[in-house]
Amino acid sequence: MSPVQSALAILLLPLASAAVIALFFRKQGALASWISTATAGAIAVLSLQLIFGGERFTASMEWLRFGDFSLSLGFKFDDLAALMLFVVSFVGFLIHVFSLGYMHDDAARARFFGGLSVFMFSMLGIALADNLFMIFIFWELVGFSSWLLINHWHEKQSAADASKKAFIVNRVGDFGFLLGIVMCYWANGTVDLSELAKLGDAHALVFSAAIPLLLFCGAMGKSAQMPLHVWLPDAMEGPTPVSALIHAATMVAAGIYMLCRVNMLMVPEALTVIMWIGTATALYAALCAVTQRDIKKVLAYSTLSQLGYMVAAFGLGSNRIHVAGCSFGDKMGFEIAVAAGVGAAMFHLTTHAFFKALLFLGSGSVIMGCHHEQDIFKMGGLWKKMPLTFLTFTIGVLAIIGLPGFAGFFSKDAILYLAMEKNTAVFAVLALTAVLTAFYMVRMWKITFFGEARSEEAKHAHESGLSLTIPLVVLAVLAVVGGYAGVYGKLAGGIAELVPEAEGSAHTTILLVSLAVMTIGTVSALLFYPATGADALEKKSSVIFSGFVALKESFDSVYDYYVAKIQQRFAMVLNFLEQVFLAGLIIRGAAGFIGLIGIGARALHVGSLHAYVYWFLLGAALLWAYAAGVF
């Protein structure tokens with residue numbers, strides 16, 4: 001099978017799985033789950049073959065044509081696509097395996113696994129697409145499948161509300177994304193990624209801050225950046241495997257991947273805006289995570305914060321630093337700087353997919369073991385009852401807080417190095433965020449697993465079955481080794497070479513900063529939080545605790561006010577104008593005028609032959625007078 005055929009098979013297999021489940025196995029959950037999981041396994045195998053095959057290619061075919069405009073569907077399989085394909089296919093397969101056990105007793109698991117297959121189809125389409133229009137098509141399919149999966153327990157009102165919120169918020173960002181695509185086509189005559197790169201190389205690309213910033217709107221929605229971040233914490237109402245697949249490893253990473261795909265369109269002004277939005281999101285989400293009681297909500301805000309790190313890393317690509325001996329003073333230097341931002345962002349995207357999927361699946365194992373209890377202050381003592389979950393979860397925590405030797409340490413350091421060389425303020429904020437990350441993650445870890453059981457559910461907790469624990473073990477291994485350059489380079493096709501490495505004093509500085517922020521956050525959490533059923537921060541400083549809670553609720557409050565007080569009233573005014581002027585005067589007025597003409601014409605038809613003769617004679621006289629020039 002040729003590489004193009006392999007890519008086509010990878011893309012179409014999950015669509016075929018979803019179709020077979022929807023058409024034939026909607027009421028046979030067990031069989032549907034195995035079909036979807038086996039398909040995900042086949043996709044992972046084919047993806048690894050394609051990645052390690054070494055061949056990179058482009059292929060496309062014209063799908064639609066409207067005059068001079070044509071829409072193509074095709075593949076662009078380069079190093080970047082290889083990395084994203086690995087993350088989506090391999091992590092997606094592990095989450096499918098986990099779902100076999102987690103959703104075993106769910107009455108609608110056929111619908112659930114069908115939705116997983118649709119989601120895999122959508123994400124694989126984004127990873128392999130060769131143009132922005134094709135990316136947008138699959139981008140919207142990701143939004144649909146996300147709504148479908150978050151809303152899986154639709155009888156639960158909070159889940160139904162969360163799915164609608166996610167769908168609507170993402171549509172706001174996607175509107176800007178679509179405008180950016182249209183503007184890019186209008187300015188450059190193409191949205192093909194390879195053609196745009198060639199135009200950039202030939203200095204014929206139209207550079208504008210508006211195009212990349214509009215495209216970034218789509219990333220703000222999918223990757224949950226401020227102010228479009230509000231949907232992600234609520235999306236935890238969906239099943240935990242959905243949280244791991246969509247909100248840790250793949251869907252939220254789509255925005256980062258898209259930015260890296262369009263890096264040739266970036267200008268310094270746009271990158272500066274992107275950098276600061278990512279930095280602000282990283283700090284804001286870390287502050288919100290400190291007060292969360294729901295184990296999945298802690299991980300949700302952690303995901304927001306790490307996504308902010310990735311966006312900031314991409315924005316830092318505009319810096320004037322030295323990478324591979326090149327000074328960033330000319331166009332080539334700028335391009336290499338952007339590439340450095342792409343490398344750092346994608347590096348952290350990959351390691352984050354490993355350890356965050358591990359943490360979400362680990363939380364699912366905890367929730368299952370505690371009979372669906374999600375409040376960490378009602379857990380405790382689980383390290384003895386769930387030793388394998390405890391061990392793997394601990395590895396995930398060590399990876400995210402950046403312990404040297406674990407995957408998160410390497411990718412986070414690459415970002416901190418870029419920030420240190422580019423912008424001292426951004427470096428300070430990201431370093432503070434790293435302190436908070438260690439603080440709230442160790443807080444959650446200690447309260448969940450140590451102390452005494454604080455509820456009946458925790459007292460009767462038990463280790464999960466093999467289908468839940470095997471993915472944890474595999475992801476734990478990746479959370480350790482996934483940061484080493486040799487392993488990463490093989491999987492990513494050399495993307496790691498774009499990540500700048502600190503040398504000499506810079507290397508020592510970054511290492512000391514990483515150790516310092518990790519130690520400060522970890523020790524503070526261990527000393528501050530006892531393994532009891534009360535939140536120490538709320539107990540000792542209710543003012544600070546309330547401030548963090550208010551910070552979390554501030555955006556929702558603003559949106560609620562906007563919808564209720566501004567949008568709703570504006571809609572009422574528009575409705576009044578529509579009813580009075582459009583439907584009233586224009587439509588009904590014109591209809592009324594035509595009706596009057598009809599009434600007058602109908603009055604002339606009285607059914608009398610004498611009257612018709614008189615009308616005929618009057619008409620003839622008028623015609624004679626007109627012909628004679630009387631008037």
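The values are calculated or read from the model by the stated rules, or taken from the named source; none is laboratory data. Nothing here was measured: the structure is a model prediction, and the numbers come from that model. A quick note on method: Cβ atoms are made from the backbone with ideal geometry, for glycine too, and the neighbour counts reach across all protein chains shown. Accessible surface areas use protein heavy atoms only, side chains included; no ligands, DNA or RNA. Shrake-Rupley method; radii C 1.70, N 1.55, O 1.52, S 1.80 Å.
Pairs please, first residue from segment 123-135 and in contact (Cβ under 8 Å) with a residue 24 or more places away in the chain, second anywhere and among the small types (Gly, Ala, Ser) and open to solvent by 10 Å² or more (accessible area, probe 1.4 Å), Cβ atoms under 7 Å, 6+ apart in sequence or on different chains.
Asp130/Ser60; Asp130/Ser194; Asn131/Ser72
Can you name the number of the only condition in (1) closer than 21 Å to Leu83 by Cα; (2) in contact with a Cys (Cβ under 7 Å, 6 or more places away or on another chain) that Met258 fails?
Among (1) closer than 21 Å to Leu83 by Cα; (2) in contact with a Cys (Cβ under 7 Å, 6 or more places away or on another chain), the lone unmet condition for Met258 is (2).
Where in segment 198-247 are there helices (runs of 4 or more DSSP H), lying fully within it, with 2 or more residues that are at pLDDT below 90 and open to solvent by less than 40 Å² (accessible area, probe 1.4 Å)?
231-234, 240-244
Give the residue, chosen from Ala166, Ala107, that is in a loop (DSSP other than H, G, I, E, B) and either crowded, with 20+ Cβ neighbours inside 10 Å or of a type outside the set (Asp, Glu) (or both).
Ala107
When the residues of segment 366-422 are narrowed to those that are among the hydroxyl-bearing types (Ser, Thr, Tyr) and at pLDDT 90 or above, which ends up most open to solvent (accessible area, probe 1.4 Å)?
Thr394
Quick one: what pairs do we get from segment 554-569, first residue over 15 Å from Lys165 (Cα atoms), second open to solvent by less than 90 Å² (accessible area, probe 1.4 Å) and not aliphatic (A, V, I, L, M), C-beta under 8 Å, 6+ apart or different chains?
Listed pairs, sorted by first residue: none to list.
So, in segment 434-463, of the ones that are hydroxyl-bearing (Ser, Thr, Tyr) and crowded, with 23+ Cβ neighbours inside 10 Å, which residue ends up nearest to Gly402 (Cα to Cα)?
In the first step, residues of segment 434-463 are kept if they are hydroxyl-bearing (Ser, Thr, Tyr); the result is 437, 440, 448, 455.
Pick out the ones that are also crowded, with 23+ Cβ neighbours inside 10 Å and you get 437, 440, 448.
Details: Thr437: 9, Tyr440: 13, Thr448: 20 Å.
Result: Thr437.
If I filter segment 134-160 down to residues being among the aromatic types (Phe, Trp, Tyr) and in contact with an Asp or Glu (Cβ under 9 Å, 6 or more places away or on another chain), which single residue comes out as surrounded by the fewest Cβ atoms within 10 Å (Cβ to Cβ)?
Per the criteria, the residue is Trp153.
Checking Ala187 against (1) surrounded by fewer than 22 Cβ atoms within 10 Å (Cβ to Cβ); (2) closer than 26 Å to Val4 by Cα; (3) among the aliphatic types (A, V, I, L, M), which single condition isn't satisfied?
The one condition Ala187 does not meet is (2).
Report whether or not Ala425 is among the small types (Gly, Ala, Ser), modelled with pLDDT of 85 or more and open to solvent by 40 Å² or more (accessible area, probe 1.4 Å).
yes
All but one of (1) in a helix (DSSP H, G or I); (2) farther than 30 Å from Ile400 by Cβ hold for Gly607; which doesn't?
Status for Gly607: all satisfied but (1).
Considering only residues that are part of a helix (DSSP H, G or I), over 22 Å from Ala280 (Cα atoms) and at pLDDT below 80, which ones fall in segment 541-569?
Scanning segment 541-569 gives Ser542, Val543.
Pairs under 6 Å by beta carbon, first residue over 30 Å from Tyr309 (Cβ atoms) in segment 435-458, partner open to solvent by 10 Å² or more (accessible area, probe 1.4 Å), six or more apart or different chains?
Gly451/Ala531; Ala453/Lys459; Arg454/Lys378; Arg454/Gly533; Ser455/Lys378; Glu457/His371; Glu457/Glu373
For segment 569-586, check the following and say yes or no: at least one residue is in contact with an Asp or Glu (Cβ under 7 Å, 6 or more places away or on another chain) and either open to solvent by 60 Å² or more (accessible area, probe 1.4 Å) or closer than 30 Å to Glu452 by Cβ (or both).
Within segment 569-586, the subset in contact with an Asp or Glu (Cβ under 7 Å, 6 or more places away or on another chain) is none.
Scanning segment 569-586, I find no residue that is in contact with an Asp or Glu (Cβ under 7 Å, 6 or more places away or on another chain) and either open to solvent by 60 Å² or more (accessible area, probe 1.4 Å) or closer than 30 Å to Glu452 by Cβ (or both), so the answer is no.
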